[in-house]
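Working notes, structure below.
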């Protein structure tokens, strides 16, 4: 790293994240979007690569990034505006999913955030664009992001979207930012659309996942794992009881989600929902330690202790042949040297590049983390 | 130059349209082309452009107006109650006045002049009747070959004008009867059925001699001055009748709009009743018997009954009373593409719509179709297999009644 | 604010041509000095019957359902994606802007053609293909009519959830362009949540597919940007729609109130219980009277407000939810609660609601319609302000709302031939938008920005926000040839900073 200007060092020192481990990099925790924007301006002028850190639970996703500066959201970690009667909440990106959901639960509400590891932050979830199991019923996380406030790679604080549940006002910047993995800037606050938690829920074992998907009326999820298939229901008590009976099964109250997959190699296989059955069959032959298939959604998450490069290649080719993808969530280097976690460059790569360049002209925000070198 | 006739669409009439576009999906020509210029809203935009003197009444304007079937399905869809049929007749009158030599001049002359003359229609009917008997239709060119879809014209050609029919007992009332132009000779069976059914119900039926063609075809083709003359003649001819029965959908629809065409037209219009309406009412009042039966029959709705007059249930009621079980073919009631002279001016569009309609009828698997309009009947026959029978609901009712 | 469906002569006649804002790129009319007439090439490509250049056609295609008129040079009606791409390449070589159009039912002027532009009409791309009943998706042409899609899928037990009032005419492509809403978007979200992928022709004339049946395509979510972009980012030629299971049971209720506050409180109380009905629609008294005069839907014309509430789902759930809504209604002094006994009664209730605007057209020669959204809890406050503004100016106001979403459609009926009346109405309507924005609301819930609200964007976005949006637009369309002059106001690009 070249020598930094004194003013830069002073800024970094002032915003230093006291809670972060000192691993030789600058770790800073801005407390406002304006501070974050100022940091981005300085980083751009100094040519420093910046990584963004929330809970660190998704930090292995994407191409590895060597950052000179780490910006954490730990100083933007509270609920800013919760309007239970509007079914909206505005929250600092650094707040954890667990804390937010626990608070929302006091009014029997939920942001339908994914079932993440402890410590995962809202900012991290939005940046990775990951959705939870209840996506089948409530749609992906991106559908609930109403507004984001962010500091762009060119050092400006901007707002995308509107704090209302329905808007057709300008370009969907909030949709662009969701899933952009910090490659456009730092997400400071997020406004989310809320749902009420169902009065009653049940986890119902079923023998045929595809059959349950066809039979049940809008279940929360239909998951299949190495331990069998389950249909997850939500609604009034009467509704859950009758739907359980219609599935010709006995359920247990509450939602018992599968244990998270903690294997060193974790893949997300994404295929059209009608190909999930075939994909599961293929994956079983690969003898994974764990797998969770989301029927009706098209995602199969797989955990391996070890995985042959060739077998991995076959799985990826299969998904691509279905116009899907196989993304390595963890342990790309364990599969083989130079394994690309994404697989291939996205469609309309020219447009994608121009978006990256216009939001991050100095290429300092998680440079290269996305497919296609974005 | 803007408008030159008294029939032109007025600014107020044109501004009733709020451009909402709810008419687009029901417009048959928009359905085929997807082209705004082939939609009611687009046609109104074109009329407004002339009204505002932004464009001339030129060939393209004539083309845009000419593609309209005048089926008036848009009027039903319109929440602003725009009188589109009337606007289109006005626009066509302008085309006729400003582009006298444009390509519809032939049909305009036929439907504006010749048709008003009983002798001309009789002469033509003789010719067609003779051709039919010589089985020459196959050598006729193009659309004239459709003559095969015509009913065989009785020779000598009949006429109802100047006649009256009495019921068996004391009449419960007298109704005037429109003989019409081609109906009189070409669809005399329908006339007979209607008159006999009305007699059965106890009506005296009078077809005054001095009546003429209703003028609908003339109005549709832009022969507005001729149409106005015919309307005036009929206003006089039907003076004194409390009720005037009309058994062709195109004629009854047009005469209900006589207010636009002649002094005293409003008054006659208020006394016009379509034969389907009257006979359905008589069935409701038990003045006519219901005949048992449930023979399935496909039903086709003439646009000028269903869209222009809101008469859809009545023909079905008559069919049920005749011992049939109506089977729906088209929930939207889209035009079959016959549309009077349209099949001559726009054979391609007419054929596309005719095919679509025949496909709907074939989907029922039935070879018996009820249609309450001669133009539709011809179009259906032209596009259906030769084994398919197309008949008027009242004809079927009369057949059932007399063979009881 | 936009003026919709006004009878103002200018709008009707196509003489009120919008002018493009002068800006750094794309929006400078000077760029469109057409030196190369593309007509010959276009006719070679499509045939004369699918290329219009006559003045009467240019007027026919000059506007949508809004009031502003543009002035296209050429109108083309392609049949395939390849033809669309070829048209875009011809236009691009000639330096002519392109405006995509569906059924032209938009109210914000999104399809109003820029001067000298080529209008690409997409109605003929209307095939419903590849319906996937397991994945509950379908690839459809942008020209497929919204209601036709749900009708075509009825026997498979599926439907497309967004149901704008224009659904019998408006196309899926148009719904994508405006991120259309509708009553049932309360529970299901607007169009953005129902589009999984699009095939589109880029500004360069390339054909790309973004998104798809497989979830979470790596890379930026371009799909999410395309939705609501009003044809400024690409020409959508196929759409992958998400389909929703038809509910096994539907309960539609009409709740009748003495005043609008009771109705509004009922909405708040329902939402506060956590219940999200399929729809919560409200009409105030003037609107009830207008609708009833036209529709004869059996609405009580002496009521202060009515609420249409619909719950859908499993019968064991709907019965409980309907009872809850009824209880809340009673608690708020609903004087009558009617439940539709069958599909016909339900259809009648909805017909009244969905034809509301048309009914208005008969009560006065002109009307001025707005579309704003406020946070639900500010709904009553803003409503009072809107009424106060109308009263202040002596205007006749009626309201129909997507109450559950906080989405207003205040409607002023007037006669534009009265001197000064149009100005007064526009002024009042602007004040209403300001009231909504001041309460934390935004400009449009479902109609889009188009031309009509373009110059109000600064009310809700900072210059930096607008600049960011301009960057996105320029990434898709560096030359500024796709539907120029829409969405972003003049000066949206902070040029000096970008060039620095």
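In segment C:203-229, how many are in a loop (DSSP other than H, G, I, E, B) and more than 7 Å from chain A (Cβ to nearest Cβ)?
Within segment C:203-229, the subset in a loop (DSSP other than H, G, I, E, B) is C:203-206, C:212-221, C:227-229.
If we keep only those that are more than 7 Å from chain A (Cβ to nearest Cβ) as well, we get C:203-206.
So the answer is 4.
Take the residues of segment A:348-358 that are in contact with a helix residue (DSSP H, G or I) (Cβ under 8 Å, 6 or more places away or on another chain) and either at the interface with another protein chain (Cβ under 7 Å from one of its Cβ atoms) or touching a residue at least 60 places away in the same chain (Cβ under 8 Å) (or both): which is surrounded by the most Cβ atoms within 10 Å (Cβ to Cβ)?
Result: A:351.
Select from segment C:243-260 the residues that are outside any strand (DSSP E or B), in contact with a helix residue (DSSP H, G or I) (Cβ under 7 Å, 6 or more places away or on another chain) and closer than 21 Å to residue C:356 by Cβ and list them in ascending order. Talk me through it step by step, then tell me what you get.
First pass over segment C:243-260, keeping only residues outside any strand (DSSP E or B): C:243, C:246-248, C:258-260.
Pick out the ones that are also in contact with a helix residue (DSSP H, G or I) (Cβ under 7 Å, 6 or more places away or on another chain) and you get C:243, C:248, C:260.
The answer is C:260, and nothing else.
Checking the structure you have, find out if any residue of segment B:310-319 is over 21 Å from the mean Cα position of the chain (by Cα) and either modelled with pLDDT under 95 or surrounded by 19 or more Cβ atoms within 10 Å (Cβ to Cβ) (or both).
At the first step, the residues of segment B:310-319 found to be over 21 Å from the mean Cα position of the chain (by Cα) are none.
No; the residues of segment B:310-319 include none that is over 21 Å from the mean Cα position of the chain (by Cα) and either modelled with pLDDT under 95 or surrounded by 19 or more Cβ atoms within 10 Å (Cβ to Cβ) (or both).
So in segment A:285-294, with the set limited to residues that are more than 9 Å from every other protein chain (Cβ to nearest Cβ) and either in contact (Cβ under 8 Å) with a residue 12 or more places away in the chain or surrounded by 23 or more Cβ atoms within 10 Å (Cβ to Cβ) (or both), which one is nearest to residue A:216 (Cα to Cα)? Full working, then the answer.
To start, the set of residues in segment A:285-294 that are more than 9 Å from every other protein chain (Cβ to nearest Cβ) comprises A:285-293.
Then drop every residue that is not either in contact (Cβ under 8 Å) with a residue 12 or more places away in the chain or surrounded by 23 or more Cβ atoms within 10 Å (Cβ to Cβ) (or both), which leaves A:286, A:288-293.
On the way: A:286: 31, A:288: 29, A:289: 29, A:290: 26, A:291: 23, A:292: 20, A:293: 17 Å.
My answer is A:293.
Considering only helices (runs of 4 or more DSSP H) fully contained in segment C:265-355, which possess at least 3 residues that are free of Cβ contacts under 8 Å to residues at least 12 places away in the same chain? Write out each step before concluding.
On the way: elements: C:285-295, C:315-331, C:343-354.
Correct list: C:315-331, C:343-354.
Say whether the condition of being farther than 30 Å from residue A:215 by Cβ, without any contact (Cβ under 8 Å) to a residue 40 or more places away in the chain, within 11 Å of chain B (Cβ to nearest Cβ) and touching a helix residue (DSSP H, G or I) at 6+ places or on another chain (Cβ under 6 Å) is met by at least one residue in segment C:57-72.
Checked against the condition, which is being farther than 30 Å from residue A:215 by Cβ, without any contact (Cβ under 8 Å) to a residue 40 or more places away in the chain, within 11 Å of chain B (Cβ to nearest Cβ) and touching a helix residue (DSSP H, G or I) at 6+ places or on another chain (Cβ under 6 Å), segment C:57-72 yields at least one hit.
If a residue must be in a loop (DSSP other than H, G, I, E, B) and in contact with a helix residue (DSSP H, G or I) (Cβ under 6 Å, 6 or more places away or on another chain), how many such residues does segment B:329-358 contain? Explain how you work it out, then say what you get.
Kept after step one, since they are in a loop (DSSP other than H, G, I, E, B), are these residues of segment B:329-358: B:329-341, B:346.
With in contact with a helix residue (DSSP H, G or I) (Cβ under 6 Å, 6 or more places away or on another chain) added as a condition, the list becomes B:329-330, B:333-338, B:340-341.
So the count comes out to 10.
Pull up segment A:83-99, narrow it to residues that are in a helix (DSSP H, G or I) and within 14 Å of another protein chain (Cβ to nearest Cβ), then point me to the one that is farthest from residue C:376 (Cα to Cα). Full working, then the answer.
First, the residues of segment A:83-99 that are in a helix (DSSP H, G or I): A:84-86, A:97-99.
Now restrict to residues that are within 14 Å of another protein chain (Cβ to nearest Cβ): A:84-86.
Numbers: A:84: 10, A:85: 7, A:86: 5 Å.
Restricting to residues being in a helix (DSSP H, G or I) and within 14 Å of another protein chain (Cβ to nearest Cβ), the top hit is A:84.
Sort through A:95, A:76 and tell me the only one that's surrounded by 21 or more Cβ atoms within 10 Å (Cβ to Cβ), under 29 Å from residue A:262 (Cα atoms) and without any contact (Cβ under 8 Å) to a residue 60 or more places away in the chain. Give the steps one after another, and end with the answer.
Details: A:76 fails: without any contact (Cβ under 8 Å) to a residue 60 or more places away in the chain.
Of A:95, A:76, the one residue that is surrounded by 21 or more Cβ atoms within 10 Å (Cβ to Cβ), under 29 Å from residue A:262 (Cα atoms) and without any contact (Cβ under 8 Å) to a residue 60 or more places away in the chain is A:95.
Out of segment B:165-213, which residues are over 21 Å from residue B:399 (Cα atoms) and not in a loop (DSSP other than H, G, I, E, B)?
B:173, B:174, B:175, B:176, B:182, B:206, B:207
Name the residues in segment B:213-247 that are within 14 Å of residue B:259 (Cα to Cα) and either crowded, with 22+ Cβ neighbours inside 10 Å or touching a strand residue (DSSP E or B) at 6+ places or on another chain (Cβ under 8 Å) (or both), would you?
B:214, B:215, B:216, B:219, B:224, B:227, B:228, B:230, B:231, B:234
Tally the residues that are crowded, with 19+ Cβ neighbours inside 10 Å and under 18 Å from residue B:391 (Cβ atoms), restricting the search to segment B:290-303.
Let us first name the residues in segment B:290-303 that are crowded, with 19+ Cβ neighbours inside 10 Å, namely B:297-303.
From the residues that got through so far, the ones that are under 18 Å from residue B:391 (Cβ atoms) too are B:297-302.
So the count comes out to 6.
Any chance segment A:100-118 includes a residue that's more than 10 Å from every other protein chain (Cβ to nearest Cβ), outside any loop (DSSP other than H, G, I, E, B), surrounded by fewer than 22 Cβ atoms within 10 Å (Cβ to Cβ) and without any contact (Cβ under 8 Å) to a residue 12 or more places away in the chain?
yes
Do any helices (runs of 4 or more DSSP H) lying entirely in segment C:387-500 carry at least 2 residues that are away from chain A (no Cβ under 11 Å), and which ones are they? Please lay out each step first, then the result.
Details: elements: C:421-438, C:463-476, C:495-499.
Hits in segment C:387-500: C:421-438, C:495-499.
So for segment C:230-237 (the condition being at pLDDT below 95, touching a strand residue (DSSP E or B) at 6+ places or on another chain (Cβ under 8 Å), more than 9 Å from every other protein chain (Cβ to nearest Cβ) and not in a loop (DSSP other than H, G, I, E, B)), does at least one residue qualify? Steps first, answer last, please.
Initially, segment C:230-237 is screened for residues at pLDDT below 95, giving none.
No, segment C:230-237 has no match at all.
Of everything in segment A:145-159, what is more than 7 Å from chain C (Cβ to nearest Cβ), under 21 Å from the mean Cα position of the chain (by Cα) and under 19 Å from residue A:40 (Cα atoms)? Give them in sequence order.
A:148, A:149, A:150, A:151, A:153
Failed condition for residue A:313, given (1) away from chain C (no Cβ under 11 Å); (2) in contact (Cβ under 8 Å) with a residue 12 or more places away in the chain; (3) more than 21 Å from the chain's Cα centre (by Cα), with all others met?
(2)
Which condition from (1) in contact with a strand residue (DSSP E or B) (Cβ under 6 Å, 6 or more places away or on another chain); (2) crowded, with 20+ Cβ neighbours inside 10 Å is the one that residue C:207 breaks?
Of (1) in contact with a strand residue (DSSP E or B) (Cβ under 6 Å, 6 or more places away or on another chain); (2) crowded, with 20+ Cβ neighbours inside 10 Å, only one is false for residue C:207: (2).
Among C:135, C:116, C:106, which is the only one that is assigned to a loop (DSSP other than H, G, I, E, B) and within 12 Å of chain B (Cβ to nearest Cβ)?
Details: C:135 fails: within 12 Å of chain B (Cβ to nearest Cβ); C:116 fails: within 12 Å of chain B (Cβ to nearest Cβ).
Among C:135, C:116, C:106, only C:106 is assigned to a loop (DSSP other than H, G, I, E, B) and within 12 Å of chain B (Cβ to nearest Cβ).
Let me confirm something: among C:84, C:144, which residue is buried (at least 20 other Cβ atoms within 10 Å of the Cβ), within 14 Å of chain B (Cβ to nearest Cβ) and out of contact with any helix residue (DSSP H, G or I) (no Cβ under 7 Å at 6 or more places or on another chain)? Let's see the steps before the verdict.
On the way: C:144 fails: out of contact with any helix residue (DSSP H, G or I) (no Cβ under 7 Å at 6 or more places or on another chain).
Every option except C:84 fails the conditions.
Looking at segment B:9-56 only, could you name the residues that are under 19 Å from residue B:83 (Cβ atoms), assigned to a loop (DSSP other than H, G, I, E, B) and within 7 Å of chain C (Cβ to nearest Cβ)?
The answer is B:18, B:19, B:20, B:21, B:22.
Name the residue that is surrounded by the fewest Cβ atoms within 10 Å (Cβ to Cβ), counting only residues in segment B:69-87 that are within 14 Å of chain C (Cβ to nearest Cβ) and within 12 Å of residue B:309 (Cα to Cα).
Across segment B:69-87, the extreme among qualifying residues is B:76.
Taking residue C:189 as the residue in question, decide whether it is modelled with pLDDT under 95, within 13 Å of chain A (Cβ to nearest Cβ) and touching a helix residue (DSSP H, G or I) at 6+ places or on another chain (Cβ under 7 Å). Explain how you work it out, then say what you get.
On the way: modelled with pLDDT under 95: yes; within 13 Å of chain A (Cβ to nearest Cβ): yes; touching a helix residue (DSSP H, G or I) at 6+ places or on another chain (Cβ under 7 Å): yes.
Spelling it out, residue C:189 is indeed modelled with pLDDT under 95, within 13 Å of chain A (Cβ to nearest Cβ) and touching a helix residue (DSSP H, G or I) at 6+ places or on another chain (Cβ under 7 Å).
If you scan segment A:168-189, which residues turn out to be touching a residue at least 60 places away in the same chain (Cβ under 8 Å) and more than 7 Å from every other protein chain (Cβ to nearest Cβ)? Don't jump to the end; show me each part of the working.
Within segment A:168-189, the subset touching a residue at least 60 places away in the same chain (Cβ under 8 Å) is A:176, A:180-189.
The answer is A:181, A:182, A:183, A:184, A:185, A:186, A:187, A:188, A:189.
Among the residues of segment A:34-49, is any in a strand (DSSP E or B) and at pLDDT 90 or above? Explain how you work it out, then say what you get.
Residues of segment A:34-49 in a strand (DSSP E or B): none.
There is no residue in segment A:34-49 that is in a strand (DSSP E or B) and at pLDDT 90 or above.
The values are calculated or read from the model by the stated rules, or taken from the named source; none is laboratory data. Everything quoted here is computed from the prediction, not taken from an experiment. Cβ coordinates were reconstructed from backbone atoms using ideal geometry, including for glycine residues, and neighbour counts include every protein chain displayed.
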